[in-house]
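Structure first, commentary second.
Taken together, the values in this text are just the output of simple stated rules run on the coordinates, not laboratory data. Treat the numbers as computed from the prediction; the structure is a model and nothing was measured. Methodologically, a virtual Cβ is constructed for each residue, glycine included, from the backbone with ideal geometry; neighbour enumeration extends over all protein chains shown.
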Amino acid sequence: MNTEDLGNSKILNLLFKPAGMLMGSRARGWLMNPVKTLQGAGIQPGQTVLEVGCGTGFFTIPAAGLIGDQGNLVAMDALSDYTKQVSKKVQSAGLKNVRVVKRDALDTGLNTASIDKVLLFGVIPFPSLPLNQLLPEMHRVLKTEGTLAVWLFPVSGWVPKSIVRSGLFKYIHKRNGVYNYRRC
């Protein structure tokens, strides 16, 4: 079964529903300030940002605010229930700088060198996103001076080293719990 079929699976969407409720809960907002985490990623006004695994939109709406009207945000998830939820939130907020897409992060369909910053927040390590396939695609879509921002949940100490060992990214710094890398 390919990722497109998995994303439309009623069973998989049902299994991830409780996780989605936790992701979008008020308690999460109190425990983790999404703006502070996004600031750790160094998001700037006017950037084109790819949010991989947008989930229920916990980071999507705040990220859209940080990039402003001149920026563009591509909020991507493989699960149809999540992309529907985020689309509704984007419409309700009247945001024109966000495009929600149901796609596989291993084959984004985005143009080469079209993204300033990629956000991988809480999506790795995940079995359906093996780093040896995910990182080359993120490298491909990033502009020459583009950056990759990674927030890990659960915390996995081997991931930051694996990103550097790929030879595709150079470690810059860690800020507000977010590991930042520059495209090599």
- Using only Cα positions of the range 38-166, each an equal point scatterer, no hydration layer, compute I(q)/I(0) via Debye at q = 0.11, 0.14, 0.17 Å⁻¹ and quote the log10 values to two decimals. -0.34, -0.56, -0.84
- Summed residue charge, Cβ within 10 Å of V90's Cβ, Lys/Arg positive, Asp/Glu negative: +4
- Message: Could you compute the net charge surrounding I67? Neighbours are other residues with a C-beta less than 14 Å from the C-beta of I67; K and R count +1, D and E count -1.
- Response: 0
- According to the square roots a ≥ b ≥ c of the eigenvalues of the Cα gyration tensor, what is the shape class of the range 28-106, taking rounded for a/c under 1.5, prolate for a/b larger than b/c otherwise, and oblate for the remainder? rounded
- Item | Longest to shortest principal axis, alpha-carbon extents of the range 124-184, angstrom | 30, 27, 17
- Over 20 Å (Cα to Cα) among K143/K170; K36/K88; K88/K143; K117/K174 -> K36/K88; K88/K143
